[in-house]
Structure formats: structure tokens, C-alpha cells
Amino acid sequence: MEPQVAYSKPPVYIGIDPGLSGGVAIIVGTTVKLYPFMKLLTSGFIDLMQGVLGYGSEVKCILEKVSAFPAAVEDTTPCPQCGTGVHTMKMIRGATSTWTFAQNYGEIIGVLRALGVPFEERPPKAWQGLVFMKKDRGESQSSWKGRLKDKGRQLYPNVVGLTLPVADALLIAHFCRAYYTGKVDLPPVKELPF
């Protein structure tokens, strides 16, 4: 049995949406900080996790568990030919993008393990269920992501930097906090030192 460590600071709850267009959200007490992966890259993610560990608090992390196969993605984009409307089109994530995604996912797990950041993997349905979100049949990906961002704004009205790339991460961090504390309600947010 491991000895219990007494921490003087509130726990750190981390939510990670592992796609390159995903991000990291960190909740500490009444503060929230968001980091899109597009700006972090691997070295920035390492520095961020080292900063979190150096904060001197208990760390809990949920990494979104993802499938490893190419997936059909429905997206709504402006029509480049007619220019008059928006048409829904299905795109298949190909082998190259699947490989890039899997590589990023592996790097995240490698960094977390190498630094000793405790984490658990949970499927999207786990955190989506906590916030009562479910993608509607036939709903475009952009509409779905917009609704997730709106839910994040509803839960954290004062958070700075809430964008589509970090909306999932924020809701995953919200799930992480609720999962480990049993509390779903949250106080207003402030800035973090890292």
C-alpha cells in the first residue's frame, strides 16, 4: 500500500482530447486553463505536464479513449462550386490521417507515463453522458462540435480561450473532476499559474 501524501493545494484535474485539433484542459479549484494542441506540440505538452507536476498537488487525468480505425466523418462545408449554399458531405479519415492521429495519441501516452502523470482512458460516451450530450442522428460534425462548445460555455461562463479545439478537453476535465470527487457543480473560474 502506498503512503498517503498530504497536499496543501487543491487537486489538479486534466482532460485531454488527443487529436491534433484537440487540446488539454486543466481545472484546479476554481481555475481553468485551456491549451490547444495546435499550439503545444510535443515539447510544449511535456513542459505543461512538468509544470502541472511541479505545482505540488494531487494530479488526476482523463485521456479520451479513441478507436484505431479509419472513420467516416460528416462535415458541413461551403460549396466551392455553386457558392450559394452549404452541402453536407461525408469524408473518410484515410490511412495517413489515422496514422498521424495514432502517433499523436501514442506520444501523449508516452509523455504521461514517462513523467509519471496518473491517467485513465475513458470513451467519449462517458464524459458526454455526464454533460447530457449526445450527437443527433444526421447532425453535422461542425454542428455537434458547436453544441459541445456551447455546453462548455454554459458550465464555465468565465473561462478564457474556449474554442472548438479545446471544448471537448474542457468537458473531459469536467468529467475528470466529477469522476474523482462526485461533484458536478463548479464555482466560477480564474487563471492558473501554469
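Classification of region 120-163 by its C-alpha gyration tensor yields an oblate form. The axis ratio a/c (a ≥ b ≥ c) is 1.5 or more, and b/c is at least a/b. Each of LYS65, LYS39, LYS33 has its accessible area taken with a 1.4 Å probe; listed largest first, they run LYS39, LYS65, LYS33. Against the criterion of solvent-accessible heavy-atom surface with a 1.4 angstrom probe, PHE132, PHE37, PHE119 sort, most first, into PHE132, PHE119, PHE37.
The values are calculated or read from the model by the stated rules, or taken from the named source; none is laboratory data. These numbers were taken from a predicted model, which means no experiment stands behind them. All accessible areas refer to the heavy atoms of the entire protein, side chains included, with ligands and DNA or RNA removed. Shrake-Rupley method; radii C 1.70, N 1.55, O 1.52, S 1.80 Å.
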